[in-house]
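Reading through the structure tokens given below for one structure.
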Amino acid sequence: RVSPNRLPVFQECRRRHWLETRGGLKPEPIAPGGQARQLRGMPSNVDSATLGTVFHRIVEIGIGNPGLNGEPASSPLPAMWTEGREDLLCDPETHSTAFNELLPPDADLERTGLLVTAMAKRIDSGPVGRMVHSERVNGHRLEGLRTELPFHIALEADTKGSVRKRWSTEGPELLARVDKAIIEMSGIIDLVLCTATSNGESTIRAVDLKTEDAGLVDSDSTEGLLEALDSDVAGPACEAEFEILSKHRLQLALYYKALHSIEEARKRANLSSRTVLSPAILIGVTGRMVEYPKEMLERASQEIEELLVRTAGMALDSDTPLSDFARLPADSAHICESCPFHRGALPICGPADE
Ligand code: SF4
């Protein structure tokens, strides 16, 4: 079993993959301590992971649903996906509910409130918010949506004859040779949008919300993700958007595969199905919904297959010591900077020449 949100870090560093799976370590510093990085504009006592969790909760409980307005769905949807609901994304009461549930008692509530209000407004005036308010966007009319959709997917991996052995007084004894493995993954998709296009096509799309650079949302900065603030391009429009799409490509490609397998199962059962669109990242600081370019999605699907082969081999093969997985080279030190095993009072790993 692999958690989808571990895929990006496992892809970045094979050694971290080993430490978190075969090594059984939690993705946390071995001994707490050291200097935590304070990001620009962030509220005191609220780290970016907590702010991200708070904002995800706000979207989960606050986003509206236009419902079908008496029109039939282009392809049937469960009733809860099409139930009309007022949009409360920018409502201070929605924000307070999430703050009470998730913020630590010493959190800077005023600054947190300013940041989430600014992000909620950006999303509300971006493509997702406009569709929620019944506007047709790029020819798409929203028919239904679901937040926090759980999914389960099982993918086959060729383990190339991994060998399981056990210790015996006469030397290692062969127990089994494994040629194929099934890797199961369960996860939750932040948002799934079902639309009908102007030419009558039914579609479905996985959307993942990201709150990177949240501390800058109310600044006049035009750096990073904010560079694309006024763009209406469907795909990535600046370097930072390419980077964020690239960073999360495996996770989003997996969501695409999960929706695809659901729609294929419907087809096989002679039920009407939806065309699965390229997944997208909803950028909190700009409200942009950035779609994955086809080539990036295809490459990521290929990478998932390679990563699953490695994951299965690592789990099944008796001879996979940590020494088979070298530290990252110095020119990848920026990856180690965000690795928990390189942080804290007792870092156990780091770039090769440290
Ligand atoms: S510190 Fe760097 S090399 Fe070591 S596990 Fe983390 S990312 Fe990999």
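The values are calculated or read from the model by the stated rules, or taken from the named source; none is laboratory data. Note that the structure is predicted; figures quoted are calculated from it, not measured. Ideal geometry is used to build each Cβ from the backbone, glycine not excepted, and the neighbour counts take in all protein chains shown. When the accessible area is computed, the model is the full protein with side chains, heavy atoms only, and any ligands, DNA or RNA have been set aside. Shrake-Rupley method; radii C 1.70, N 1.55, O 1.52, S 1.80 Å.
Find all pairs meeting these conditions: Cβ atoms under 7 angstrom apart; at least six residues apart or on different chains; first residue within the stretch 75-96 and farther than 12 Å from Gly113 by Cβ; second residue open to solvent by 90 Å² or more (accessible area, probe 1.4 Å). Partner pairs satisfying both residue conditions: Asp87/His133.
Yes/no matrix, rows are residues, columns are (1) of a type in the set (Ser, Thr, Tyr); (2) closer than 16 Å to Gly287 by Cβ:
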{"position": "Gly70", "(1), (2)": "no, no"}
{"position": "Arg85", "(1), (2)": "no, no"}
{"position": "Cys90", "(1), (2)": "no, yes"}
{"position": "Thr94", "(1), (2)": "yes, no"}
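The rows are residues; the columns are (1) away from the ligand (no atom under 16 Å from the Cβ); (2) over 29 Å from Glu28 (Cα atoms); (3) charged (D, E, K, R); (4) touching a Phe, Trp or Tyr at 6+ places or on another chain (Cβ under 9 Å).
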| position | (1), (2), (3), (4) |
| --- | --- |
| Ala253 | yes, no, no, yes |
| His260 | yes, yes, no, no |
| Ala265 | yes, yes, no, no |
| Arg274 | yes, yes, yes, no |
| Ile281 | yes, no, no, yes |
| Arg299 | yes, yes, yes, no |
| Leu307 | no, no, no, yes |
| Ala312 | yes, no, no, no |
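Candidates are the residues of the stretch 314-354 that are within 9 Å of the ligand (Cβ to nearest atom) and part of a helix (DSSP H, G or I); the one that is nearest to Ile244 (Cα to Cα) is Ile335.
Annotation for the stretch 174-196: no member residue is small (Gly, Ala, Ser), over 19 Å from Ser301 (Cβ atoms) and outside any strand (DSSP E or B).
From the list Ser162, Ser198, Ser186, the one residue that fits, being at pLDDT below 95 and open to solvent by less than 20 Å² (accessible area, probe 1.4 Å), is Ser162.
Might you let me know whether the stretch 76-90 holds any residue that is modelled with pLDDT under 95, at negative phi, assigned to a loop (DSSP other than H, G, I, E, B) and within 16 Å of the ligand (Cβ to nearest atom)? Taking every residue of the stretch 76-90 in turn, none turns out to be modelled with pLDDT under 95, at negative phi, assigned to a loop (DSSP other than H, G, I, E, B) and within 16 Å of the ligand (Cβ to nearest atom).
Against the conditions (1) of a type in the set (S, T, N, Q); (2) in a loop (DSSP other than H, G, I, E, B); (3) under 20 Å from the mean Cα position of the chain (by Cα), where does Ser44 fall short? Just the number, please. If we test Ser44 against (1) of a type in the set (S, T, N, Q); (2) in a loop (DSSP other than H, G, I, E, B); (3) under 20 Å from the mean Cα position of the chain (by Cα), just (3) comes out false. Across the stretch 234-257, what is the number of residues that are assigned to a helix (DSSP H, G or I), touching a residue at least 12 places away in the same chain (Cβ under 8 Å) and open to solvent by 30 Å² or more (accessible area, probe 1.4 Å)? Residues flagged as assigned to a helix (DSSP H, G or I), touching a residue at least 12 places away in the same chain (Cβ under 8 Å) and open to solvent by 30 Å² or more (accessible area, probe 1.4 Å) within the stretch 234-257 amount to 6. Any residue in the stretch 69-87 that is of a type in the set (D, E, K, R) and open to solvent by less than 50 Å² (accessible area, probe 1.4 Å)? So far as the stretch 69-87 goes, yes, one or more of its residues are of a type in the set (D, E, K, R) and open to solvent by less than 50 Å² (accessible area, probe 1.4 Å).
Looking at the stretch 67-85, is at least one residue more than 30 Å from Gly129 (Cβ to Cβ) and among the acidic types (Asp, Glu)? No, because not a single residue in the stretch 67-85 is more than 30 Å from Gly129 (Cβ to Cβ) and among the acidic types (Asp, Glu). Note on the stretch 40-60: residues that are open to solvent by 60 Å² or more (accessible area, probe 1.4 Å) and among the aliphatic types (A, V, I, L, M) amount to 1.
Specify the residue that is most open to solvent (accessible area, probe 1.4 Å); the eligible residues are those in the stretch 258-286 that are of a type outside the set (A, V, I, L, M), assigned to a loop (DSSP other than H, G, I, E, B) and touching a Ser or Thr at 6+ places or on another chain (Cβ under 6 Å). That would be Ser272.
Scanning the stretch 291-300 turns up at least one residue that is assigned to a strand (DSSP E or B) and either open to solvent by less than 20 Å² (accessible area, probe 1.4 Å) or within 25 Å of Ser231 (Cα to Cα) (or both). Across the stretch 1-23, the qualifying residues are those that are part of a helix (DSSP H, G or I), of a type in the set (A, V, I, L, M) and surrounded by 19 or more Cβ atoms within 10 Å (Cβ to Cβ), and the one among them that is farthest from the ligand (Cβ to nearest atom) is Leu7.
A single member of Glu148, Glu156, Glu170 is open to solvent by 20 Å² or more (accessible area, probe 1.4 Å) and either aliphatic (A, V, I, L, M) or touching an Asp or Glu at 6+ places or on another chain (Cβ under 7 Å) (or both), and it is Glu148.
For (1) at pLDDT 95 or above; (2) among the polar types (S, T, N, Q); (3) more than 21 Å from Leu142 (Cα to Cα), each residue gets a yes or a no:
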| position | (1), (2), (3) |
| --- | --- |
| Arg268 | yes, no, yes |
| Ile283 | yes, no, no |
| Thr286 | yes, yes, no |
| Pro293 | yes, no, yes |
| Ser332 | no, yes, yes |
| Ile335 | no, no, yes |
| Pro347 | no, no, yes |
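So, in the stretch 205-231, of the ones that are assigned to a loop (DSSP other than H, G, I, E, B) and within 22 Å of Ala49 (Cβ to Cβ), which residue ends up least open to solvent (accessible area, probe 1.4 Å)? Among them, the one singled out is Val217.
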